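The values are calculated or read from the model by the stated rules, or taken from the named source; none is laboratory data. Model, not experiment: these values are computed from the prediction. All Cβ positions, even for glycine, are placed from backbone atoms using ideal geometry, and neighbour counts span all protein chains on display.
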2 protein chains.
Amino acid sequence: MEPRTEISSLGEFGLIEHLTKNIELQNASSIVGVGDDAAVIDHFGKQTVITTDLLLEGVHFDLAYTPLKHLGYKSVIVNISDVYAMNATPTQITLSLGLSNRFSVEALDEFYEGVYAACEKYGVDLIGGDTASSLKGFVISVTAIGEVAPDKFVRRSTAQKGDLICCTGDLGGAYLGLAFLEREKKIFLESPQVKPDLEGEKYVIGRLLKPEARKDIIDFLGDAEILPTAMMDISDGLSSEILHICKQSNLGAVIYEEKIPIAEDTRNAAFKFELDPTACALSGGEDYELLFTISQNDYEKLLLNEQISVIGYMEEPEKGKKIITKGGNTFDITAQGWNAFR
Amino acid sequence: MEPRTEISSLGEFGLIEHLTKNIELQNASSIVGVGDDAAVIDHFGKQTVITTDLLLEGVHFDLAYTPLKHLGYKSVIVNISDVYAMNATPTQITLSLGLSNRFSVEALDEFYEGVYAACEKYGVDLIGGDTASSLKGFVISVTAIGEVAPDKFVRRSTAQKGDLICCTGDLGGAYLGLAFLEREKKIFLESPQVKPDLEGEKYVIGRLLKPEARKDIIDFLGDAEILPTAMMDISDGLSSEILHICKQSNLGAVIYEEKIPIAEDTRNAAFKFELDPTACALSGGEDYELLFTISQNDYEKLLLNEQISVIGYMEEPEKGKKIITKGGNTFDITAQGWNAFR
């Protein structure tokens with residue numbers, strides 16, 4: 001019999017590593033390939049970045065509680081967030097859709113309204129794509145292209161020992177928005193007459209359904225003349241992203257629980273679900289904030305921006321990847337978040 | 001009740017037009033947007049092209065008779081064919097996959113073997129992508145990027161009256177390859193003990209399962225200093241593509257049945273299915289040949305290349321889009337092919 005290795009045994013990142021480990025770039029113009037938020041291409045001395053995401057119904061979104069306009073908006077945001085995470089400015093996107101006959105033209109128009117709203121807000125052009133019939137489920141594939149000043153792109157692999165670890169906005173909200181919507185969907189399916197109880201959860205639901213990309217931060221860093229030493233966006237949860245930067249930069253890290261920014265509404269939502277807000281920030285995905293490292297020399301310049309929190313620092317690889325709790329205990333940061341607390 | 005317009009009522013091209021008619025490009029770098037084989041981006045005076053395709057299991061391919069390695073190869077080819085159709089050279093691709101747990105790592109390796117084989121043959125780098133679980137069906141999204149000398153890209157909309165219409169290679173083969181494989185699949189499902197009878201059909205099956213992109217033609221045109229006035233690849237059948245060039249260039253066209261290149265093996269396969277070989281060339285898709293128009297002044301230069309057939313010429317729009325049969329009759333070219341003959 002042929003050997004059979006389950007994809008799940010490798011995990012998403014293991015799988016990507018397995019499939020791409022033998023790539024040798026052939027074109028001098030391919031500066032950064034697989035393994036970062038986006039690839040970087042040299043165009044005759046100037047540079048562009050490119051990134052792509054695939055969103056599948058039932059896996060990445062549930063049409064039971066996702067308005068199509070929001071879905072269109074978010075499909076653009078998740079991609080251009082990767083462009084900003086390279087310290088670049090998104091300029092164009094392509095959009096491919098697989099559509100089942102369940103969709104009407106009116107439904108599709110609603111989806112595109114969201115796409116165009118995001119394009120307009122972020123100054124991005126929709127320049128191409130593909131439409132196909134799908135036998136089942138809505139398939140969305142977006143590719144985003146951006147510009148970056150020569151050699152100003154920021155990778156994940158270039159953090160230095162002693163650099164400060166910074167994150168933007170606040171974390172964990174999108175995860176709790178998802179928890180609420182999933183709960184209400186379950187209640188609705190069991191008792192359709194019950195009215196949804198989402199009052200007071202607008203903030204976390206908005207974080208899930210209508211995320212924004214942190215253009216403002218990239219603009220600020222440019223204006224303040226801060227070039228992060230490493231950067232990525234936070235799409236899979238803070239823990240997972242810190243581990244990416246540590247692995248790719250071959251360093252350790254220390255972060256402080258008390259420094260992790262969590263909104264008051266997110267904290268309240270977590271308590272309703274009897275969840276630890278810090279665990280939600282570490283392990284919950286889809287916040288689309290930025291995680292970056294800066295030289296300590298740039299610390300003063302950061303203070304002007306309330307949207308940026310310094311949460312820790314990069315360490316020698318031997319020191320591991322640690323989180324220090326409010327109570328002063330130290331735990332390993334794990335990809336699934338803060339397992340020790342579960 | 002909300003109005004509901006079925007997507008099928010618009011057709012693929014009607015749908016794209018509907019969804020994209022209000023696009024206003026915001027970035028000066030967006031030179032060509034939706035509506036051609038690929039988009040063109042200006043990078044500080046130099047130009048790149050970008051194109052994307054979505055391939056869905058059960059719609060674009062059937063794993064019952066498509067070896068995964070061939071599918072990986074073809075996924076790259078169909079995209080870079082669009083880059084060549086802009087008169088550009090493909091340099092990079094991104095690849096996103098939606099995978100169900102039916103797939104093993106070994107199966108995926110086979111798919112990537114084909115991807116890498118195509119990348120190597122055409123000098124293209126795989127620089128990024130995304131992997132996602134899919135609840136059902138294999139989803140493949142490829143985006144290709146290419147380079148083109150400034151203002152040497154060739155659109156669909158710039159053919160001139162009197163230009164010669166040329167196509168490369170031979171047509172209709174892939175359609176007949178599909179017909180054979182579908183027939184054998186049906187026989188197999190009804191009587192699994194019957195051995196498949198594909199002897200003698202290697203050519204047409206190869207045309208379907210392992211198409212190539214016409215890099216050689218783009219190289220030849222460059223060497224011969226022929227800049228086509230309009231160009232596209234033939235993915236949906238010759239009729240449909242000629243109508244695209246006519247519509248976008250606002251012209252009519254005349255083609256001659258006897259000039260349409262059809263391989264002997266394709267003719268023989270058509271006869272076995274009691275199909276008209278010309279109808280297969282006009283309406284059958286997936287040949288991935290190039291269709292282009294050239295100024296009459298360039299005719300002499302073409303004669304050196306046996307892979308190029310001159311099949312007709314562009315006319316005033318009032319003259320319509322006509323095919324003249326071997327018997328001397330004239331029919332309208334329709335998107336579904338040569339309906340008058342069916």
Does A:Ile77 satisfy being in contact with a helix residue (DSSP H, G or I) (Cβ under 7 Å, 6 or more places away or on another chain), assigned by TED's automatic domain parsing to the domain that holds A:Gly129, surrounded by 14 or more Cβ atoms within 10 Å (Cβ to Cβ) and touching a residue at least 40 places away in the same chain (Cβ under 8 Å)? yes
Could you say whether any residue in the stretch B:31-47 is among the polar types (S, T, N, Q) and either in contact with a Cys (Cβ under 9 Å, 6 or more places away or on another chain) or touching a residue at least 60 places away in the same chain (Cβ under 8 Å) (or both)? yes
The residue from A:Leu135, A:Leu171, A:Leu126 that alone is in contact (Cβ under 8 Å) with a residue 24 or more places away in the chain and under 27 Å from A:Glu306 (Cα atoms) is A:Leu171
Can you tell me which of A:Ile324, A:Ile260, A:Ile333 is surrounded by 15 or more Cβ atoms within 10 Å (Cβ to Cβ), in the same structural domain as A:Ile226 (by TED's automatic domain parsing), in contact (Cβ under 8 Å) with a residue 40 or more places away in the chain and closer than 23 Å to A:Met86 by Cα? A:Ile260
Selection count, the stretch B:173-210, where residues are on the phi > 0 side of the Ramachandran plot and surrounded by 14 or more Cβ atoms within 10 Å (Cβ to Cβ): 0
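Do you know which residues across the stretch B:258-278 are in a helix (DSSP H, G or I) and hydrophobic (A, V, I, L, M, F, W, C)?
Matches in the stretch B:258-278: B:Ala269, B:Ala270, B:Phe271.
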Which of the following residues is in a loop (DSSP other than H, G, I, E, B) and surrounded by 18 or more Cβ atoms within 10 Å (Cβ to Cβ): A:Ile255, A:Ile226, A:Ile217, A:Ile245? A:Ile226
If the requirement is being at pLDDT 95 or above, under 19 Å from B:Ile50 (Cα atoms) and either outside the structural domain of B:Thr48 (by TED's automatic domain parsing) or not in a helix (DSSP H, G or I) (or both), which of these qualifies: B:Ile145, B:Ile140? B:Ile140
Pull up the stretch A:121-133, narrow it to residues that are of a type in the set (Val, Ile, Thr) and facing chain B (nearest Cβ under 7 Å), then point me to the one that is surrounded by the fewest Cβ atoms within 10 Å (Cβ to Cβ). A:Thr131
Restricting attention to the stretch A:43-72, and to residues there that are touching a helix residue (DSSP H, G or I) at 6+ places or on another chain (Cβ under 9 Å) and surrounded by fewer than 16 Cβ atoms within 10 Å (Cβ to Cβ), which single residue is farthest from B:Val148 (Cα to Cα)? A:Ala64
Taking the stretch B:279-295 and keeping residues in a loop (DSSP other than H, G, I, E, B) and not polar (S, T, N, Q) leaves B:Gly284, B:Gly285, B:Glu286, B:Asp287, B:Tyr288
Yes or no: B:Pro228 of a type outside the set (Ser, Thr, Tyr) and farther than 25 Å from B:Glu318 by Cα? no
Restricting attention to the stretch A:284-291, does a residue exist that is within 25 Å of A:Glu318 (Cβ to Cβ) and modelled with pLDDT of 95 or more? yes
Can you tell me how many residues within the stretch A:305-319 are closer than 12 Å to A:Lys161 by Cα and small (Gly, Ala, Ser)? 1
Find the residue count for the stretch B:215-249, including only residues that are within 17 Å of B:Ala335 (Cβ to Cβ) and not hydroxyl-bearing (Ser, Thr, Tyr). 14
Name the residue, out of B:Lys152, B:Lys136, that is among the basic types (Lys, Arg) and facing chain A (nearest Cβ under 7 Å). B:Lys136
By residue number, the members of the stretch A:217-228 that are closer than 30 Å to A:Leu68 by Cα and over 16 Å from the mean Cα position of the chain (by Cα) are A:Asp219
